[in-house]
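The numbers here are math on the coordinates, done by the rules we state, and not lab data. These numbers come from a predicted model, not from an experiment. Cβ coordinates were reconstructed from backbone atoms using ideal geometry, including for glycine residues, and neighbour counts include every protein chain displayed.
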Amino acid sequence: MASDLLDRVRLGGGVPSHVAVIMDGNGRWARERGLPRHLGHREGMKSVREVVEGAVEAGIDILTLFAFSTENWKRPAREITALMGLLQLYARKERAELRRQGVQVHVLGDLDRVDDATRSAVLEIVEGTRGGNALRLNLMISYGGREELLRAARALADRVRAGELDPADIDDSVLEDSLFTRGLPSPDLLIRTSGEHRISNFMLWQLAYTELHISPVYWPAFDRDHLFEAILDYQRRERRFGRVSVGVEAS
């Protein structure tokens, strides 16, 4: 089925350049099967591989995955340790294959809160995939949208206080240059799995005009077919960015 959906994506035109994903439902997937939560997170690693490979096949330029939020630090210590271990495992296991596929990994977020072993592992996958030109993969780790905006506001305030910046010159581009995503286009498409209809403090500035696709599928069951279905849904949309459609203007 994947090849048929991929053909339809390629024929549909207008593949989103930047796709972001809130990977949700690992815990519920595990609970429904009588398994511990950490096994749901581990199974979700397979979906990461599926979606990365599907993104390369579809011709997506940038894939951004919400891997670990600032709110996740409030979870039980045992679960946090398991999640950090999975990040280390992913970095070790996938680095060579990502490099082979031409995937360049970037890690965005407040890594100061991450333990040394995990920080070292994710920085190694960044270095090990440098130069890949098939897909840019952003792993958002220890990231929160509100925290990102507060961090940007403080940085701009410091520049104003130092006399480097006139407050009157602060516009969209100046603020965006202070975000973790500086230099990147905003996502064209946001996919959220598990059927939840919220963005959960993810990329609050960047998602202003992003198309949303809510999938009922838990993340560990999400594969490239589901990615292609989300792209096909996107291709049926008319993106107006606050403007009226061409047909309305003509009338």
Item to check | Out of Ala168, Ala134, Ala157, Ala208, sole residue that is touching a residue at least 12 places away in the same chain (Cβ under 8 Å) and either out of contact with any strand residue (DSSP E or B) (no Cβ under 7 Å at 6 or more places or on another chain) or exposed (fewer than 13 other Cβ atoms within 10 Å of the Cβ) (or both) | outcome: Ala208
Checklist entry - Just one of Arg192, Arg182 is touching an Asp or Glu at 6+ places or on another chain (Cβ under 7 Å), closer than 28 Å to Arg95 by Cβ and surrounded by fewer than 17 Cβ atoms within 10 Å (Cβ to Cβ); which is it? => result Arg182
Next on the checklist: Can you pull out every residue in the stretch 122-164 that is of a type in the set (D, E, K, R) and either touching a Lys or Arg at 6+ places or on another chain (Cβ under 8 Å) or under 24 Å from Ser200 (Cα atoms) (or both)?
Outcome noted: Glu124, Arg136, Arg146, Glu147, Glu148, Arg151, Arg154
Item to check | Candidate set: the stretch 56-105, residues that are small (Gly, Ala, Ser) and not in a helix (DSSP H, G or I); chosen: the one nearest to Arg136 (Cα to Cα) | outcome: Gly102
